[in-house]
Amino acid sequence: ALMSAEPLCDSQEIERRKTLGRAWMRALSAETPPRLTGWPAISSFITALKVEGASLHTEECYALGLFCASSNGLREWASMREKNSGSGRIDVLSQTAGTDPLVQGGDALLVTSLLALPDLSLAEQAIFRIIDRNTGEIRDLPELRAIRQEIRKIRQDIDRLVGSYLSDDSLKTALQSNLPTVRDGRQVIAVRANYKGRIKGIVHEVSQSGQTVYLEPTDVVDRNNDLVSEESRLAREIARIIRELTAELSIYYQEIRDALQSLCFFDGIGAAARWGRDYRCVYADCRGDGVSAVSMLLKQARHPLLKTHAVPIDLALSPGNRMLIITGPNTGGKTVTLKTAALLSLINQTGWPIPAAEGSALPIFDAVYCDIGDEQSLSQSLSTFSAHMKNIASILEHATDNSLILLDELGSGTDPQEGSAIAMAVLDRLLAVSSLVLITTHHGILKNYGYTHAQCVNASVDFDENTLSPTYRILMGVPGESHALDIALRNGLDGEVVDHARQYLIEERADVSALIKGLTAKHEELEGFEQVKKKEEAALREKRRKTDLKELQLRQKELELREAGYRRLETLFDESRKQLENLVREIREGELTREKTQQVKAWMASFEELVEGEKDGLRLCREETQSARRALEQTQAQEAASRSQDAPFSRSRRGTKKVTGVSSPESAKLPDLAPGIEVYIGENRRLGVLVREEKGGKWIVATGQLRMTVRSEEIQAVPLRPGMEKNRIEVHTEMGSDDSPVFELKLLGMRHDEALKALERQLDLACMKGLKEFSVVHGKGHGVLQSAVHQVLAHTSAVSDYHFARPEDGGSGKTVVTLG
């Protein structure tokens, strides 16, 4: 209930909860504090009380009894408090109340509210008449006592009969164990299988080895049957009793449901009071609605999550003030002050006490709006300033005169002059709305803004000039300095650098235009380097692809060698096991002779030679593999060194594409544009087919399952293949609503054109349906289809990465594709 609670805007309900909480907190210090014990969850099954003929479980009845006891205990405490107040008895609670009418009214409200709880004493008595209050078990009722005595007598008879078999000396050789065993709830005897005819009875189970049978003697069978019958009779009698108890409790369903709702509420009130007592909290004063009715006054307020590390702060706004501008150094506690004010306001409107001193007062807000921290987002293309402006725009749209607004570092993230101008315009709008505003800033012009507006109050976080460290205290009415140079010096910045900064600050020589010119020249220099390195990047990507392929082939070879070695060892051990079994059988069947001993020794020597031979073979394979891997690692190290030298001059790319640079020969003949001709579209060279020519030099082009209009300048015909005059194909671009991409696209057995069309269709469907990753099975062969697939993937902008699969999952015969 507490986790689902939300701050309220109804001042009467908030004040009611706080009044009850104050009374409960005082009652905790009384001679007899409120008695509210816990209870198991009952909301899931109490609805069964409404169903005629329904029956609760024993555990559910016990839980219901504990709930009724908790409700009745709290109600009895309230009744006792009412009697004590009427008889004039003095205790700690009444001494605390004194003659304050508000305190006396709060105590009376708590007592009256608790007395309104439904009386569940009859339901409690009915439940604990059947169920033991301490153990939760069914009591020894008269209707159950005779049955339980008969069950005990039958069990004694069974123990006596079974014991007679176990103690019989003539059966000692037939028994596997001298202890009784239980199978399916029946006592049985463990008998050796070859002696099972010695005892007449029923075999219930045979051991896995077949040497032991679990037998129930004939005379024990009857008593076990009697036991089962009596236990079934007992269960039926208990079910009848619980069913009758459920019917008796059904008349209290409405009272139980109302009491459950009330007890959850008072449990929350009690939890708030106990938390407030333990953490030295008070209930904030709030007599009226809206900001205009009462000022914000926080005395010795502490952020509850900081616990003992929190430095108490004081905030005071008179009824005529609407805005507090907090300035001062970084790490001084400005943002924590905003968060403390907001959190305590929300806690107050939940009806809980706040960690502050007596005399604190908070109004009732209809909403709390915050713009705290850096909310920049790459996915939404938001910079720091853009994120702040988006939040502030939403705040200005929804703010009212009863809203609390907190703005951290207002006007930051952009040019200081423009940011200050925007900040002042925002504050003007909020003052016009009459919202209560708390802001933090480093802009000096906003400090002046606080002095020139009567509704604004300046404040600062205190800074110790001697230790050059913040004290985390709020100074009302005094603006603060940022002390950026002092803080930088304290945090380790060289003193000469700080002195140089002070000189710049004095002489105002921070020439931003010179910085921009230097950056422009550096950018042009980097552009020149990029032009030089383009060809080298392409060569490195191709070399990296070949290196990855070599590594993959090496891993496949290692896997094949390992599997072959396992097969050889498995064969060797199978044959050796058979030979050893034959030798053992010969030794067992006859006498142990010198000749047999020599055979065993010869076999052992032969087996050792075979194992050593296999070790030598595996060692040679391992050495060859390690040699090849060292050569591969040396090549990769050289490539990494080359890439690290080129890294400062290359631009960042999205993802890493393994590109197979297979291009059409320049000498190939280009056909004229005509319907049915294969073409490349745009800079990404996406493969498509011309459908028809449109007006204005444009063509309708089919790519996969899509059609698009493309200008002639963006179209390049695919070079003619040998022996063909035109690359004409037929395509169907109609896509049904049930078309979906596959997780594994198999191109084996397809011709070159068919495979590429299937791949392009898969890419289109994956983009449309949101499939981020799939695999393409193209086989190994001569690598023609593999190269074609990689060329299409390399020139598809939607593909962010592709690589060969693991050796055990297909290796170089399968490519895993990841879409951006």
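The values are calculated or read from the model by the stated rules, or taken from the named source; none is laboratory data. Because the structure is a prediction, the values reported are computed rather than measured. Because the Cβ atoms are built from the backbone with ideal geometry, glycine has one as well, and the counts that use them run over all protein chains shown. The protein model used for the area step is the full one, side chains on, heavy atoms only, and it has no ligands, DNA or RNA in it. Shrake-Rupley method; radii C 1.70, N 1.55, O 1.52, S 1.80 Å.
Take LEU215 and tell me if it is part of a strand (DSSP E or B) and under 30 Å from ASP401 (Cβ atoms).
Values: part of a strand (DSSP E or B): yes; under 30 Å from ASP401 (Cβ atoms): no.
It is false that LEU215 is part of a strand (DSSP E or B) and under 30 Å from ASP401 (Cβ atoms).
Taking the conditions exactly as written (open to solvent by 10 Å² or more (accessible area, probe 1.4 Å), touching a residue at least 60 places away in the same chain (Cβ under 8 Å) and either assigned to a loop (DSSP other than H, G, I, E, B) or touching a strand residue (DSSP E or B) at 6+ places or on another chain (Cβ under 8 Å) (or both)), does SER775 satisfy them or not?
Taking the combined requirement at face value, the residue does not satisfy it.
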Filtered residue count, segment 445-460, keeping only those that are within 43 Å of the chain's Cα centre (by Cα) and polar (S, T, N, Q): 2
Pair list, Cβ < 6 Å and 6+ apart or interchain, from segment 166-180 residues that are within 13 Å of VAL213 (Cα to Cα) and surrounded by 15 or more Cβ atoms within 10 Å (Cβ to Cβ) to residues that are among the aromatic types (Phe, Trp, Tyr) and at pLDDT below 80: ALA174/TYR195
Residues satisfying the stated conditions in segment 40-57, i.e. buried (at least 19 other Cβ atoms within 10 Å of the Cβ) and either among the β-branched types (Val, Ile, Thr) or in a loop (DSSP other than H, G, I, E, B) (or both): ILE46, LEU56
Looking only at segment 181-194, and only at residues there that are touching a residue at least 24 places away in the same chain (Cβ under 8 Å), touching a strand residue (DSSP E or B) at 6+ places or on another chain (Cβ under 8 Å) and of a type outside the set (Val, Ile, Thr), the one that is least open to solvent (accessible area, probe 1.4 Å): ALA190
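Here's the yes/no breakdown for (1) out of contact with any helix residue (DSSP H, G or I) (no Cβ under 8 Å at 6 or more places or on another chain); (2) free of Cβ contacts under 8 Å to residues at least 12 places away in the same chain; (3) surrounded by 17 or more Cβ atoms within 10 Å (Cβ to Cβ); (4) assigned to a helix (DSSP H, G or I):
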{"position": "SER113", "(1), (2), (3), (4)": "no, no, yes, yes"}
{"position": "LEU117", "(1), (2), (3), (4)": "no, no, yes, no"}
{"position": "GLN125", "(1), (2), (3), (4)": "yes, yes, no, yes"}
{"position": "THR135", "(1), (2), (3), (4)": "yes, yes, no, no"}
{"position": "ARG148", "(1), (2), (3), (4)": "no, no, no, yes"}
{"position": "LYS153", "(1), (2), (3), (4)": "yes, yes, no, yes"}
{"position": "ASP159", "(1), (2), (3), (4)": "yes, no, no, yes"}
Filtered residues of segment 195-208 (kept if surrounded by 13 or more Cβ atoms within 10 Å (Cβ to Cβ), closer than 27 Å to GLU231 by Cα and either basic (Lys, Arg) or out of contact with any helix residue (DSSP H, G or I) (no Cβ under 8 Å at 6 or more places or on another chain) (or both)): HIS204, GLU205
Residue among VAL799, VAL784, VAL789 that alone is open to solvent by less than 20 Å² (accessible area, probe 1.4 Å) and closer than 21 Å to VAL718 by Cα: VAL789
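Select, from ALA284, ALA239, ALA272, ALA259, the only residue that is surrounded by fewer than 19 Cβ atoms within 10 Å (Cβ to Cβ) and of a type in the set (A, V, I, L, M).
ALA239
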Residues located in segment 287-306, provided they are open to solvent by less than 30 Å² (accessible area, probe 1.4 Å), outside any loop (DSSP other than H, G, I, E, B) and either modelled with pLDDT under 85 or among the acidic types (Asp, Glu) (or both): VAL291
Conditions (1) farther than 30 Å from LEU28 by Cβ; (2) modelled with pLDDT under 90; (3) open to solvent by 20 Å² or more (accessible area, probe 1.4 Å); number of the one not met by GLU60: (2)
Residue that is nearest to SER71 (Cα to Cα) [pool: residues in segment 137-146 that are open to solvent by less than 60 Å² (accessible area, probe 1.4 Å) and either not hydrophobic (A, V, I, L, M, F, W, C) or not in a helix (DSSP H, G or I) (or both)]: ILE138
Identity of the residue in segment 1-28, open to solvent by 70 Å² or more (accessible area, probe 1.4 Å) and either touching a residue at least 24 places away in the same chain (Cβ under 8 Å) or touching a Cys at 6+ places or on another chain (Cβ under 7 Å) (or both), that ends up farthest from GLU76 (Cα to Cα): CYS9
Segment 381-435, residues that are hydroxyl-bearing (Ser, Thr, Tyr), within 25 Å of SER345 (Cβ to Cβ) and assigned to a helix (DSSP H, G or I): SER394
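Residue-wise test of (1) over 23 Å from SER740 (Cβ atoms); (2) modelled with pLDDT under 85; (3) β-branched (Val, Ile, Thr).
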| site | (1), (2), (3) |
| --- | --- |
| GLY770 | no, yes, no |
| LYS780 | yes, yes, no |
| GLY783 | yes, yes, no |
| GLN786 | yes, no, no |
| LEU793 | no, no, no |
| SER800 | no, no, no |
| PHE804 | yes, no, no |
| THR815 | no, no, yes |
| GLY820 | no, yes, no |
Among (1) more than 34 Å from the chain's Cα centre (by Cα); (2) modelled with pLDDT under 90; (3) farther than 22 Å from PHE67 by Cα; (4) not basic (Lys, Arg), the one test that GLU6 misses: (1)
Residue ID - modelled with the highest pLDDT, chosen from residues in segment 66-96 that are surrounded by 17 or more Cβ atoms within 10 Å (Cβ to Cβ) and of a type in the set (D, E, K, R): ARG75
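Results for (1) open to solvent by less than 50 Å² (accessible area, probe 1.4 Å); (2) at pLDDT 90 or above, shown as yes or no for each residue.
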{"residue": "ILE395", "(1), (2)": "yes, yes"}
{"residue": "LEU407", "(1), (2)": "yes, yes"}
{"residue": "GLY411", "(1), (2)": "yes, no"}
{"residue": "GLN417", "(1), (2)": "no, no"}
{"residue": "SER420", "(1), (2)": "yes, no"}
{"residue": "ALA423", "(1), (2)": "yes, no"}
{"residue": "ALA432", "(1), (2)": "no, yes"}
{"residue": "VAL437", "(1), (2)": "yes, yes"}
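Could you identify the single residue in VAL799, VAL789 that is within 32 Å of the chain's Cα centre (by Cα) and among the β-branched types (Val, Ile, Thr)? Don't jump to the end; show me each part of the working.
Values: VAL789 fails: within 32 Å of the chain's Cα centre (by Cα).
Criteria check complete, one pass: VAL799.
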Segment 461-477, subset at pLDDT 70 or above and closer than 11 Å to LEU324 by Cβ, residue nearest to the chain's Cα centre (by Cα): ILE474
Contacts under 9 angstrom Cβ, first residue in segment 29-46 being over 26 Å from SER79 (Cα atoms), partner charged (D, E, K, R) and open to solvent by 50 Å² or more (accessible area, probe 1.4 Å), 6 or more apart: SER43/ARG257; ILE46/ARG257
